[in-house]
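Novice: Take a look at this one; I'll ask things after.
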Amino acid sequence: MRGSLLAGLVISFCLLACDSKAGAPPSQEAIGDRIAYAKQLLAEAGYPGGKGIDKIEVLYNTDEGHKKIAAAIQQMWNKNLGIKVELRNSEWKVYLDDLSKLRYQVARRGWIGDYRDPYTFIELMKSDSGNNNTGWSDPEFDRLALASGAEADPTKRYEILRQAEAILLRDLPVLPLYYYVSQAAWTDKVKGVYQNIMDYHPLNEAYVEGSDTIVINNGTEIQALDPALARGVPEHRVLNAVYEGLTRSDPRTYDPLPGVAESWDISKDGKTYTFHLRDCAWTDGKKVTAHDFVFAWRRILNPTFPSDYAHMLHVVKGAEPYNSKKTSDPLTVAIEAKDDRTFVVELEHPVPYFPELVTHYAFHPLRKDVLEKYGDAWTRTENIVTNGPFKVKEWRPNEHVLLEKNDGYWGAAKTRTRYVKFLPHDNRLTAWNLYLTGKCDWVTTLPVEKMKEIIQRPDYHGATYLGIYYWSFNCTEGPLKDRRVRKALTLALDRDVIVKHIAMQGQVPAYGFVPPMFDAYKSPRFDVKD
Amino acid sequence: MLGFLIRRFAAGLATLFIIAVFSFCFTRLAPGSPFSSERQLHPEIIKAYEQYYGLDKPLYVQFWRALKGYVRFDFGPSTMYRGRSVNEYIEPGLGKSIQLGFLGAVFAFLIGLPLGVFASAHQNRIPDHAAMSVATLGICVPNFLLGPLLVQLFSLKLKWLPSTLWPEDGSLKELSKLILPTITLAMVHIAYISRLGRAGMLDVMNKDYIRTARAKGLNEWTVFVKHGLKNGVTPVVSYAGPMVALVLTGSIVVEKVFAIPGLGQHFVNGALNRDANMIMGCVLVYSALVIAFNFVVDVIYGLLDPRVRVS
């Protein structure tokens, strides 16, 4: 508790310093209006001046950054609404447990989009979503989310999603705070690396000037080399370098480019994709066939197979019923190898981002014979067979994962680096020291305590990132059951101050839930009068 | 002596068993699940996980199975690193942790003992005060602070020494990577050893038999080295047992600061991710090491002091 008190003091100073600056911040007026409206809502709900609300408990997983934000929220709710706030932190696994069992009032959340479509955020709040964890559900929201899938016209589809988001922002089971920025540093010798809103950098054309190796600190030890068992961004980096799906990402724009599939046809109704596979091989020389995709997709969907990412495939017709044991026949999943080089997928509904979706490692092909031969040991360096631009050369736990260029890869002529070395160091300061002493070329995590000086550096690379940092409300009990209270709490935070003086990394204040990064999508806002 | 050894050995095994029972229960009692994630998994998938890892069985069956593995040095599959066994992580990590721990311990003795003896020979004079100030500083500055400070100074500012990582080969340049971690690990023990050495020597040098030795005309050097030292350092020897435990646990922090791929990181990550098998593997390996070293220290102590053997 003493820690949070101290943090609170620091934040008070921040706020004071900010208030005393000559010339009010540009949004001073807006925040004043928002707070006035918040007070009014609170009074309407029966809690004038915060009276009647005993206290609100704010839960976050133990982390310096979250702690500062929590302390700011505490301070702002107290100052603006007269509500007493208590902070509670717990370690990651306990925090997750509390979230899923709704043992909290307000909790820290965040989400990075899996693909570039508003649906990756809307989907989180469906009543059956594993990410909801608020107790909130709205039949109209669920209906719209579902209806968006059936809509083939992109403009109308966005409009349906926008309506769904408007419902979310009306009821506010979530408290949007800011949109993330991606952060990394790489030296000026690193070439062929570009920024995009997914913060994903294919390594096909990346290299380090004057070196045959590119050394990347990956931020943590990867948890698996089996694409169906992996989860997380560090795994993504390694897996997408050693495997290739039907499509791959353009390093500059993240748009899907032909991968194993040379081309694909889409049926008129947008539901059937026919992928034409190129003549390409696995690292052991055998051809990549459509059967490898059928095998891999059925494997991850098998309900007894423990995968975190099976839900990504639920857009495929018949996938969800099979995956959730509504049927036991894998043949009901609408995927088919017409011949060795033709792979046909029928979707539940049109999915405009499907070619982008299949770049994800959950959709990578796998070799049935290799998995059967080696069982659990198939991902060991001596056994693993892959089909991407790199192959696994060495994996020393907690030391490095070393990849070597796959000369048999169809696009090998464009691969620039001989080796890629992923370091697993999760201590950000240690990683930063490694970078400063030239032991790695690229750090994917940066130490929070040094950010102020790091963002001034020319080798710092920050970019808008398709993700939202938000807090969620437990909508099932107490004053937070009342959406007016939730709205008052959501309005009474000065996001400009939080972004500028507490988060301090160039994040963008959020007044909606879906990041405003889709051109034709008009994001609604929560800070409007009902 | 043999009876003494057998008794000690049996006690060690019993201790290890008790540790296994308790840690096993604690891993099962800890809140949170290894399979909880930000996106809640379908209950069927969690069931599939639990079946795969045998977590659906009654607790005593799980423990019996695990125990059968432990005696064969097999800790089972990891829940955090999927499709991999705990042994694949512990084995390479253990060697590095032991090497670093050994370096730290030896360094602590090489510096700490002479420092303490030197201080005792100059009791209450400037060399004594200087040595003891250094020792106090060593105790006060925690290694998670000392490590980054040393890196800041010697790696980033002066650029004399590399900041991190494990040596790739046996060359001097690569081995120099171990200097800062070793100092960081040893510092607190240098401090304790020198204080214990000083106190032990002062105690002994005031004993009657030393007076006798002086009275019969031996020169001060002979008295000090031959009669004083042997008995004066016994407190330091008894410190060696606990020190092994401290060096090993201390290396958890040092490994993190210096990005050394030792056992400590697996222990911490295992605990944070509720990887029960990984936690058990690390706990048992650490415990076995500590018990083994205490056993060795007991033996040495028995050799130095006959009274210990009898009781």
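Novice: Working from Cα positions, state the angle (0 to 90°, nearest 10) between the long axis of helix B:59-71 and the longest principal axis of chain B.
Specialist: On a 0 to 90 degree scale, this one is about 50.
Novice: Next up: Can you pull the mean other chain C-beta count within 10 Å for peptide A:93-101?
Specialist: 5
Novice: Another question, if that's okay. Leaving out ligands and nucleic acids, and using a 1.4 Å probe, what accessible area per residue does chain A come to in Å²?
Specialist: Details: 20670 Å² over 530 residues.
Normalised by residue count, the accessible surface of chain A is 39 Å².
Novice: Would you pull out the residues with amide H under 5 Å of residue A:175's amide H, same chain only if 5 or more places away, H placed 1.01 Å from N?
Specialist: The answer is A:471, A:472, A:473.
Novice: Another question about this same structure. Along the positive direction of the dipole of region B:87-310 (beta-carbon charges: Lys, Arg +1; Asp, Glu -1; about the Cα centre), which of B:251, B:300, B:218 reaches farthest?
Specialist: B:218
Novice: Once fully extended, how much extra length lies between residue A:97 and residue A:520, figured as 0.36 nm per residue of separation less the alpha-carbon to alpha-carbon distance?
Specialist: 148.5 nm
Novice: For a test of the definition: using alpha carbon positions, the gyration tensor, and the 1.5 limit on a/c, classify region A:255-302 as rounded, prolate or oblate.
Specialist: oblate
Novice: Considering protein heavy atoms only and a 1.4 Å probe radius, which residues within region A:210-235 exhibit an accessible-area decrease of no less than 10 Å² in the full assembly relative to the chain by itself?
Specialist: Relative to the lone chain, where solvent access is computed with a 1.4 Å probe, region A:210-235 loses at least 10 Å² at A:221, A:223, A:224, A:229, A:231.
Novice: Return a whole-number percent for the relative contact order of region B:87-310, with Cα pairs under 8 Å and 6 or more residues apart as the contact set.
Specialist: About 28 percent, as a whole number.
Novice: Further question on the same structure: For a Förster distance of 45 Å, can you work out the FRET efficiency between the beta-carbons of residue A:272 and residue A:211, rounded to the nearest 0.05?
Specialist: Working: r = 46 Å, r/R0 = 1.03.
It comes out at approximately 0.45.
Novice: Only protein chains counted, 1.4 angstrom probe. Which residues of region B:57-82 are at least 40 Å² less accessible in the assembly than when their chain is isolated?
Specialist: Buried by the other chains: B:81, B:82.
Novice: Between B:91, B:38, B:174, where does the largest GNM mean-square fluctuation fall for chain B, given springs only between Cα atoms within less than 10 Å?
Specialist: B:38
Novice: If you take each beta carbon of peptide B:39-50 and count the beta carbons of other chains within 10 angstrom, what is the mean?
Specialist: Values: counts 12, 8, 7, 8, 1, 6, 11, 1, 3, 6, 4, 1.
The mean count of partner-chain Cβ atoms within 10 Å per residue comes to 6.
Novice: Can you list the lysines whose alpha carbon is less than 30 Å from that of residue A:156, not counting same-chain residues fewer than 8 positions off?
Specialist: A:126, A:268, A:271, A:317, A:487, A:522, A:529
Novice: Moving to a separate point now. What part of the accessible area of chain A, given as a whole %, is carbon or sulfur when the probe is 1.4 angstrom?
Specialist: 51
Novice: Here is a further query. Before anything else, pin down the relative contact order of chain A: Cα pairs under 8 Å, at least 6 apart, normalised by residue count, whole percent.
Specialist: Normalised by residue count, the contact order of chain A is 25 percent.
Novice: Normalised radius of gyration for region A:81-214, please: alpha carbon Rg relative to 2.2 N^0.38 Å, two decimal places.
Specialist: 1.41
Novice: Give the share of C-alpha pairs in each 10 angstrom bin for region A:378-431, from 0 to the last occupied bin, in whole percents, shortest bins first.
Specialist: So the P(r) values, bin by bin, are 24, 43, 26, 7.
Novice: Let me know the longest stretch in chain A that avoids all GluC sites (Glu not before Pro) found in a DSSP loop with at most 15 other C-beta atoms within 10 Å.
Specialist: A:1-208
Novice: Okay, moving on. Computed FRET efficiency, Cβ-Cβ of residue B:141 and residue B:71, R0 60 Å: what is it to the nearest 0.05?
Specialist: 0.90
Novice: Turning to a different aspect of this structure: In degrees between 0 and 90, to the nearest 10, how far off the longest principal axis of chain A does helix A:154-171 point, with axes built from Cα atoms?
Specialist: 40
Novice: Something else about it: Per-residue mean of other chain beta-carbon atoms within 10 angstrom of the beta-carbon, peptide A:432-440?
Specialist: Taking the mean over all residues of the peptide, I get 4.
Novice: Once the Cβ-Cβ distance between residue A:188 and residue B:175 is put in as r, and R0 is 22 Å, what FRET efficiency do you end up with, to the nearest 0.05?
Specialist: After rounding, the FRET efficiency stands at 0.10.
Novice: If you don't mind, another one. In debye, nearest 20: dipole of region B:240-311 around its Cα centre with unit charges on the Cβ of K, R (+) and D, E (-)?
Specialist: 80
Novice: To continue, here is another question. Please give the contour-minus-distance gain from residue A:418 to residue A:376: 0.36 nm per residue of separation, less the Cα-Cα distance, rounded to one decimal in nm.
Specialist: The span from residue A:418 to residue A:376 would gain 12.2 nm if fully extended.
Novice: Additional query: For region B:67-146, which trypsin sites (Lys or Arg not before Pro) are in a loop by DSSP, counting at most 15 other Cβ atoms within 10 Å?
Specialist: B:72, B:125
Novice: Here's something else I'd like to know. Considering only lysines 8 or more places apart in sequence, or on different chains, count the pairs in chain B whose C-alpha atoms sit under 23 Å apart.
Specialist: Lysine pairs meeting the criterion: 18.
Novice: Give me the dipole magnitude in Debye, nearest 20, for chain B about the Cα centre, with unit charges on the beta carbon: positive for Lys and Arg, negative for Asp and Glu. Provide the component values of the computation, followed by the final result.
Specialist: Numbers: 29 positive and 18 negative charges, 139 e Å.
The calculation lands at about 660 debye.
Novice: May I pose another question? Estimate for me the total accessible surface buried between chains B and A (protein heavy atoms, probe 1.4 Å, no ligands or nucleic acids), in Å² to the nearest 100.
Specialist: 4300
Novice: For region B:87-310, which whole-number percentage of the solvent-accessible area (1.4 Å probe, protein heavy atoms only) is attributable to carbon and sulfur atoms?
Specialist: It is 70 percent, rounded to a whole number.
Novice: What list of ³J(HN,Hα) couplings, whole Hz, do you get for region A:318-334 from phi and the Karplus terms 6.51, -1.76, 1.60, once you set θ to phi - 60° and write x for glycine and proline?
Specialist: Listing the rounded values in order: x, 6, 5, x, 5, 5, 9, 6, 6, 9, 9, 9, x, 6, 6, 6, 7 Hz.
Novice: Starting from the Cα gyration tensor of chain B, take the square roots of the eigenvalues, sort them a ≥ b ≥ c, and report rounded, prolate or oblate (rounded when a/c is under 1.5, otherwise prolate if a/b is larger than b/c, else oblate).
Specialist: Taking the square roots of the gyration eigenvalues as a ≥ b ≥ c, chain B is oblate.
Novice: I would also like to ask the following. Mind listing the phi-derived Karplus ³J(HN,Hα) values for region A:285-298, rounded to whole Hz, using 6.51, -1.76 and 1.60 with θ = phi - 60°, and x for any glycine or proline?
Specialist: Each residue's phi maps through the Karplus curve to give x, 6, 6, 7, 10, 4, 5, 5, 6, 4, 4, 5, 5, 5 Hz.
Novice: Counting just the Cα atoms, what span does chain A cover along each of its three principal axes? Round to the nearest Å and put the largest first.
Specialist: 72, 55, 38
Novice: Also, I was wondering about something else. Accessible area per residue for region B:87-310 in Å², computed with a 1.4 Å probe and the full protein assembly in place, what is it? Display every interim value, and only then the final one.
Specialist: Values: 10360 Å² over 224 residues.
For region B:87-310, the solvent-accessible area averages 46 Å² per residue.
The values are calculated or read from the model by the stated rules, or taken from the named source; none is laboratory data. Note that the structure is predicted; figures quoted are calculated from it, not measured. Heads up, the Cβs are rebuilt from the backbone with ideal geometry, glycines too, and the neighbour counts pull from every protein chain shown. Heads up: the accessible areas ignore ligands, DNA and RNA and are worked out on the full protein's heavy atoms, side chains in. Shrake-Rupley method; radii C 1.70, N 1.55, O 1.52, S 1.80 Å.
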